Amino acid sequence: MRDERGSATVLACFAMLALISLTLVVGHLGAAVAARHRAQAAADLGALAAAAAVDRGEEAACAAARAVADRMVAALRECRIEGWDAVVTVGARVGLAAVGTGDAVAAARAGPVDLQ
């Protein structure tokens, strides 16, 4: 009969490795979701700020959107004015240790309500 002393220790080590790996995966997923939410919030607020300033011209409107994105630790990727609507695209940096860094990108449109 073989000696099986220590086999429970090996099994426990593999179980701990699995739990640590799962914790890391959940943490990375949480970081990605948080960055996506931050990007969407920055895009929404940037579009609203740009729409509020569209009467002062496209440059002033996009400067307002950029200021909001900067304060929310995001980067303004695109800002354009279509009539009275402001369309803003924002990227928020997300760092994932396993795969490197990337951007969570979101877009938003804001403008006056069209009552017909």
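Here, each number is a calculation from the coordinates, and none is a lab measurement. From a predicted model like this one, the values you see are computed outputs, not experimental measurements. A quick note on method: Cβ atoms are made from the backbone with ideal geometry, for glycine too, and the neighbour counts reach across all protein chains shown.
Among the conditions (1) hydrophobic (A, V, I, L, M, F, W, C); (2) in contact with a helix residue (DSSP H, G or I) (Cβ under 7 Å, 6 or more places away or on another chain); (3) closer than 27 Å to Gly27 by Cβ; (4) surrounded by 22 or more Cβ atoms within 10 Å (Cβ to Cβ), the only one that Val94 does not satisfy is (4). Taking the residues in the range 23-52 that are under 18 Å from Arg77 (Cβ atoms) and not hydrophobic (A, V, I, L, M, F, W, C) as candidates, determine which candidate is surrounded by the fewest Cβ atoms within 10 Å (Cβ to Cβ). Ranking the candidates gives His37 first.
Can you tell me which residue within the range 53-72, out of those that are of a type in the set (A, V, I, L, M, F, W, C) and without any contact (Cβ under 8 Å) to a residue 12 or more places away in the chain, is surrounded by the fewest Cβ atoms within 10 Å (Cβ to Cβ)?
Taking the range 53-72 first, the residues of a type in the set (A, V, I, L, M, F, W, C) are 53-54, 60-65, 67-69, 72.
Subsequent filtering for residues that are without any contact (Cβ under 8 Å) to a residue 12 or more places away in the chain retains 53, 60, 63.
Numbers: Ala53: 20, Ala60: 13, Ala63: 17.
Here the answer is Ala60.
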